[in-house]
Amino acid sequence: MMTSHSSKPFGKTGVLLPAIGQGTWDIPERGAGRGEAVAAIRRGIELGMTHLDTAEMYGSGRVEEIVGEAIAPFRRESLFIASKVLPSNATFDGTIAACERSLRRLRLDYLDLYMLHWPSEHPLEETMRALETLVESGKTRFIGVSNFEPEEMESAASYLRATPLACNQVLYHLRERGVERRLIPVARENGVAIVAYTPFGRSKFPREAARPGGLLARIAEKHGATPRAVILAFVTRAPNVFTIPKASSVAHVEENARAAQLTLDEEDVTAIDAAFPVEPGDAPLAML
Ligand code: NAP
């Protein structure tokens with residue numbers, strides 16, 4: 001796998017993973033946009049963003065097919081492909097069947113990471129047993145959860161016998177920093193990686209701070225980077241945190257990839273911290 005200086009240990013998996021990967025939710029599924037999205041994913045891989053995040057939910061499976069097309073020219077071992085089972089499918093048999101469907105759409109023999117998309121009404125123990133069975137049968141190398149509170153995460157890990165819980169994928173951006181209070185430290189103590197989704201915050205993107213003269217623009221200028229690169233570097237500054245920005249154009253992917261070269265200094269972090277403080281109180285985990 002291609003690594004940049006920003007690769008770091010992905011939980012207890014023994015894998016070194018680039019801090020910045022690629023999300024795929026809402027990539028264009030048709031027309032010229034689809035072609036550009038495929039080109040963008042390929043460019044991202046060439047630039048070292050080899051961690052691709054998808055899910056059976058995205059485009060009801062069509063996004064997995066697009067990812068399958070995008071990754072086809074690459075050496076399988078150079079990629080880290082993650083997908084997720086829908087909670088409504090997360091019975092023992094349902095999880096196994098969902099994984100097999102995802103593999104077919106992605107045209108792969110195995111996933112690198114398979115996650116439960118969010119807590120489900122099916123017993124967690126049953127889902128974790130199914131995920132571990134998928135590891136034993138070689139259908140996925142590692143397993144994880146998404147949108148899990150610290151206690152839920154610990155409980156998921158407790159149902160695993162021989163496989164460590166690799167990660168918890170959660171909402172984390174400048175205006176949603178609650179995960180810094182407990183979730184990230186608890187994950188770190190337990191050797192669990194955190195994958196930050198929606199790092200740019202969608203409708204909560206900090207436009208003012210990113211405009212010329214704004215805080216993020218000033219920090220970016222100091223480092224010869226861009227405000228979005230500053231955001232990605234801030235979000236991945238803890239040793240166990242990774243992120244998966246989604247971009248559907250080559251230009252956006254190239255900008256995001258450059259963030260891997262950026263390390264913020266203490267002064268930058270303190271300034272961002274003051275402008276976008278961690279929300280007070282112990283609110284439940286936010287999710288999209
Ligand atoms: P995001 O990555 O924070 O933001 C995506 C938006 O930012 C898109 O509109 C994209 O535009 C734009 N963008 C990206 N790079 C840009 C650049 N360099 N310059 C300007 N605009 C740029 O939001 P997200 O898609 O919600 O989250 C990322 C990924 O996390 C998802 O794709 C998905 O894989 C995962 N996710 C997981 C969950 C979960 O429950 N586990 C929930 C949400 C998301 P273009 O598309 O036009 O490039």
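The values are calculated or read from the model by the stated rules, or taken from the named source; none is laboratory data. As the structure is a prediction and not an experimental result, all values here were calculated from the model. Backbone-built Cβ (ideal geometry, glycine too); neighbour counts: all protein chains shown. Keep in mind that these areas ignore ligands, DNA and RNA; they rest on the heavy atoms of the full protein, side chains included. Shrake-Rupley method; radii C 1.70, N 1.55, O 1.52, S 1.80 Å.
How high is the relative contact order of the chain, in percent, with contacts defined as C-alpha pairs under 8 Å that are six or more residues apart? Display every interim value, and only then the final one.
On the way: 581 pairs, mean separation 62.9, N = 288.
Relative contact order, the chain: 22 percent.
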Region 135-277: antiparallel DSSP beta bridges as a percent of all, rounded to 5: 10 percent
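Can you put Arg202, Arg228 in order of accessible area, largest first, using a 1.4 Å probe?
Details: Arg202 105, Arg228 80 Å².
The most accessible residue leads, giving Arg202, Arg228.
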Point-to-point label distance, Arg75-Ala251, nm (Cα→Cβ direction, 7 Å offset): 3.3 nm
Under Karplus coefficients 6.51, -1.76 and 1.60, residue-wise ³J(HN,Hα) of region 247-264 in Hz, glycine/proline x: 9, 10, 10, 4, 4, 5, 4, 5, 5, 5, 5, 5, 4, 5, 8, 9, 10, 7
For region 77-87, Karplus couplings with θ = phi - 60° (6.51, -1.76, 1.60), whole Hz, Gly/Pro x: 5, 7, 10, 10, 9, 10, 9, 9, 8, 5, x
Bridge type composition, the chain - antiparallel percent by DSSP, nearest 5: 15 percent
Tilt relative to the chain, helix 31-46 - C-alpha long axis, 0 to 90 degrees, to 10: 80 degrees
Among the listed pairs Lys12/Lys204; Lys139/Lys246; Lys204/Lys246; Lys84/Lys246; Lys84/Lys204; Lys8/Lys204, those beyond 23 Å (Cα-Cα): Lys12/Lys204; Lys139/Lys246; Lys84/Lys204; Lys8/Lys204
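If packing is taken as the mean number of other Cβ atoms within 10 Å per residue, what is the order of 13-19, 120-126, 82-88, highest first? Please list the in-between numbers first.
Numbers: 13-19: 19.6, 120-126: 15.1, 82-88: 22.7.
Ranked by mean Cβ neighbours within 10 Å, highest first: 82-88, 13-19, 120-126.
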Cβ-based net charge around Ala251, under 15 Å, with every Lys or Arg adding one and every Asp or Glu removing one: +1
Amide H contacts of Lys246 (H built 1.01 Å from N, under 5 Å, at least 5 apart or other chain): Gly23
Inter-label distance for Ser203 and Asp109, nm, one decimal - labels placed 7 Å from Cα along Cα-to-Cβ: 4.6 nm
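If you roll a 1.4 angstrom probe over the protein chains with everything in place, what fraction of the accessible area of region 1-134 belongs to carbon and sulfur, to the nearest %?
Values: 2630 of 5160 Å².
Roughly 51 percent, rounded to a whole number.
For region 1-104, with every protein chain kept in place, what is the accessible area per residue (1.4 Å probe, Å²)?
Values: 3940 Å² over 104 residues.
For region 1-104, the solvent-accessible area averages 38 Å² per residue.
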GNM top mover of Thr163, Thr270, Thr133 - the chain, alpha-carbon springs below 10 Å: Thr270
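Sorted by accessible area (1.4 Å probe), largest first, how do Tyr110, Tyr159 line up?
Numbers: Tyr110 60, Tyr159 80 Å².
Descending order: Tyr159, Tyr110.
Rounded to a whole number, what % of the accessible area of region 156-288 do carbon and sulfur atoms account for, probe 1.4 Å? Intermediate values should be presented prior to the final figure.
Numbers: 3200 of 6100 Å².
C and S atoms contribute 52 percent here.
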Phi to ³J(HN,Hα) by Karplus 6.51 cos²θ - 1.76 cosθ + 1.60 over region 154-171, Hz, x for Gly, Pro: 5, 5, 4, 5, 5, 8, 8, 9, 10, 10, x, 6, 6, 7, 10, 9, 9, 5
